[in-house]
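**Student:** One structure coming up, written as C-alpha cells, with questions to follow.
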Amino acid sequence: MANLGSSSQAVTEYTVRVPKNNTKKHNIMAFNAADKIDFSTWTQAKMERDLSNKKIYQEEEQPMFGAGSEFGKKLREESRKKKFGIVTREFKPEDQPWLLRVNGKAGRKFKGQRKGGVTENASYYIFTQCPDGAFEAFPVNAWYNFIPVAKHKTLTAEEAEEEWGR
C-alpha cells in the first residue's frame, strides 16, 4: 500500500484574477496539426469576415408603390411565409466565418468556421501571467477551427465532362 502522507514535493501557489470588465471578447483559433502551421515563418497575416453570404439574406428591391409595384405584395409574402413556416433570419456579420490570409496574396489562405457548442457545456479560460507573478483569466467567447482553402478551382459537372473528353 502506498504511503500518501509523506509527499516531499514543493508546491507553488499563484494568485488568479478574473477581470470584472469583459469588454473584450477572446476567441480561440484552432489549426489541424496535420497542416504543419509554423507561425514563426509568418511575416504578415490579415483576418477579415467572409461576407459573401450577405446577398442571400437581402430581399429583392421592388418598388412599394408606383410603376413596377404589385398591390399587397408585402402582405401576401408575409402570409405565405407564415403558412409554410418560413423564418427569415437577419444577417449578422459576427456569425460569418473568418478568412485568414498569410504572407500576402501569394501566401496561404485559411477559413475559420465557428465550432458550435464548445462553450455551452464547459467554461474555457485564457490565462496570462502578469509581471507580478499572478495570472489573469479571461473567459473564451468562441472557438474557431481554421482549415486551408483549396488553391485550385473545382470544376462543374459540364466542365469535368469536357475535360474528360479531351
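The values are calculated or read from the model by the stated rules, or taken from the named source; none is laboratory data. Because the structure is predicted, anything quoted here is derived from the model rather than measured. So basically every Cβ, Gly included, is an ideal-geometry build from the backbone, and we count neighbours across all protein chains shown.
**Student:** What are the pairs with Cβ atoms under 6 angstrom where one residue, in the stretch 108-125, is of a type in the set (Ser, Thr, Tyr) and the other, located anywhere, is assigned to a strand (DSSP E or B) and surrounded by 10 or more Cβ atoms within 10 Å (Cβ to Cβ)? Sequence gap at least six, or different chains.
**Tutor:** Tyr124/Val140; Tyr125/Ala137; Tyr125/Pro139
**Student:** How many residues are surrounded by 13 or more Cβ atoms within 10 Å (Cβ to Cβ) and either part of a helix (DSSP H, G or I) or touching an Asp or Glu at 6+ places or on another chain (Cβ under 9 Å) (or both) if we restrict to the stretch 143-166?
**Tutor:** Qualifying residue count, the stretch 143-166: 3.
**Student:** Considering only residues that are at pLDDT below 90 and among the hydrophobic types (A, V, I, L, M, F, W, C), look in the stretch 111-139 and name the one that is surrounded by the most Cβ atoms within 10 Å (Cβ to Cβ).
**Tutor:** Val118
**Student:** With the structure loaded, tell me whether Leu75 is in a helix (DSSP H, G or I), among the hydrophobic types (A, V, I, L, M, F, W, C) and modelled with pLDDT of 75 or more or whether it fails that test.
**Tutor:** Yes: the conditions hold for Leu75.
**Student:** Taking only pairs six or more apart or across chains, which ones have beta-carbon atoms under 7 Å, a first residue in the stretch 143-164 that is more than 27 Å from Met29 (Cα to Cα), and a second residue that is surrounded by 10 or more Cβ atoms within 10 Å (Cβ to Cβ) and of a type outside the set (Gly, Ala, Ser)?
**Tutor:** If the second residue must be surrounded by 10 or more Cβ atoms within 10 Å (Cβ to Cβ) and of a type outside the set (Gly, Ala, Ser), the pairs left are Glu163/Leu155.
**Student:** Against the condition in contact with a helix residue (DSSP H, G or I) (Cβ under 9 Å, 6 or more places away or on another chain), assigned to a loop (DSSP other than H, G, I, E, B), at pLDDT below 90 and not charged (D, E, K, R), how does Val87 come out, does it pass? Even if it seems obvious, please write down each step before you answer.
**Tutor:** Values: in contact with a helix residue (DSSP H, G or I) (Cβ under 9 Å, 6 or more places away or on another chain): yes; assigned to a loop (DSSP other than H, G, I, E, B): yes; at pLDDT below 90: yes; not charged (D, E, K, R): yes.
Considered against the rule, which asks whether it is in contact with a helix residue (DSSP H, G or I) (Cβ under 9 Å, 6 or more places away or on another chain), assigned to a loop (DSSP other than H, G, I, E, B), at pLDDT below 90 and not charged (D, E, K, R), Val87 comes out as yes.
**Student:** Okay, moving on. In the stretch 12-71, which residues are at pLDDT below 85, acidic (Asp, Glu) and not in a loop (DSSP other than H, G, I, E, B)?
**Tutor:** Asp35
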